[in-house]
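Report on the following structure.
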Amino acid sequence: MSRFGRQNPIYRLIESGGIGLEYEFNDRLSLGLGYYNQEAEDSKSGDGLFNGDYSASAKLEFEPNEQFLLALLYVHAYNDTNLATGTGSLRSQLDLNRPVIGNSYSLETSWQLHPNFAIGGWVGFTDAIVLNLGEADVWNYALTLAFPDVGGEGNLLGVIVGQEPKLTNTSGFLIDGKKSDPDTSLHLEAFYRYQIRDNISITPGLIWITAPDHNNDNGDFVVLTIRTTFDF
């Protein structure tokens with residue numbers, strides 16, 4: 001349901017126009033490469049595809065069978081002002097109005113242990129360099145549980161438990177007088193997609209974030225959602 005629950009926030013660094021290619025070594029192993037530029041789709045910016053803010057990625061996927069997937073992702077990104085992923089603490093976005101270079105890594109897996117149960121998750125780490133200031137470390141992780149066909153064919157029960165991006169250390173500078181986020185927040189999420197018909201589903205969900213902004217001084221954040229989807 002949430003942006004964080006869908007995928008590792010590191011992927012937000014490569015959500016822009018660009019070019020890519022994929023090479024399959026064999027039926028089980030593949031490598032994807034990409035180059036992206038945030039100004040590529042804006043002809044008025046004057047930057048084009050190879051100037052301005054950019055990112056490059058490499059993703060190695062190992063899928064020995066239809067039930068198991070293991071992937072390694074690397075993203076190199078440059079931004080004039082920050083390294084925002086859209087989720088996590090304000091400090092973790094490194095929004096300091098200075099150029100930032102980020103080297104991000106993600107280990108991801110998914111394993112369907114039973115036709116009605118799959119487990120997965122990821123661990124993500126960003127080693128960032130804030131030019132003329134210093135370096136920063138940002139971590140995130142998640143565990144995902146999926147229960148297909150619960151209560152009927154096409155239904156899906158999902159649970160996500162994780163930590164949104166957290167600034168764990170800086171060297172050479174402070175953000176709001178601190179080297180890291182003061183506490184640790186948890187992202188708890190559950191949803192149930194009920195397939196009414198082949199092309200109509202309804203999905204109620206719950207999102208609960210403890211200590212928002214990785215700060216225990218902030219009260220828990222709870223959201224109830226409901227989504228109706230029409231597929232044509």
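Odds and ends about this structure:
- Charge dipole (debye, nearest 20) of the chain; +1 at Cβ of Lys and Arg, -1 at Cβ of Asp and Glu: 320 debye
- Positive-end ranking of 37, 129, 90 along the dipole of segment 3-230, with charges on Cβ about the Cα centre, is headed by 90.
- Each peptide in 57-63, 125-131 gets a packing score, the mean of other Cβ atoms within 10 Å over its residues, and the list from highest to lowest is 125-131, 57-63.
- For residue 195, neighbours were defined as the other residues whose beta-carbon sits under 11 Å from its Cβ, and their charges (Lys and Arg +1, Asp and Glu -1) total -2.
- Which of 74, 4, 184, positive extreme of dipole for the chain (C-beta unit charges): 184
- The residue among 207, 55, 173 whose Cα reaches farthest toward the positive pole of the charge dipole of segment 3-230, with charges on the beta-carbon of Lys, Arg, Asp and Glu, is 207.
- For residue 212, the shell of other residues with beta-carbons less than 13 Å away shows a net charge of -4, using +1 for Lys and Arg and -1 for Asp and Glu.
- Stretchable slack from residue 202 to residue 223, in nm (0.36 nm times residue separation minus alpha-carbon distance): 5.9 nm
- Highest mean packing comes first when the peptides 21-30, 152-161, 87-96 are listed by Cβ atoms within 10 Å, giving 87-96, 152-161, 21-30.
- Helices in the chain, meaning DSSP H runs of at least 4 residues, each add -39500 (n - 2.57). Divided by all residues, the mean residue ellipticity at 222 nm is 0 deg cm²/dmol.
- Local net charge near residue 24, Cβ-Cβ under 13 Å (Lys/Arg +1, Asp/Glu -1): -2
Any read-out appearing in this document is the output of simple, stated calculations on the displayed coordinates, not a laboratory observation. In this text the structure is predicted, and so the values were computed from the model without any measurement. All Cβ positions, glycine included, derive from the backbone under ideal geometry; neighbour counts span all protein chains shown.
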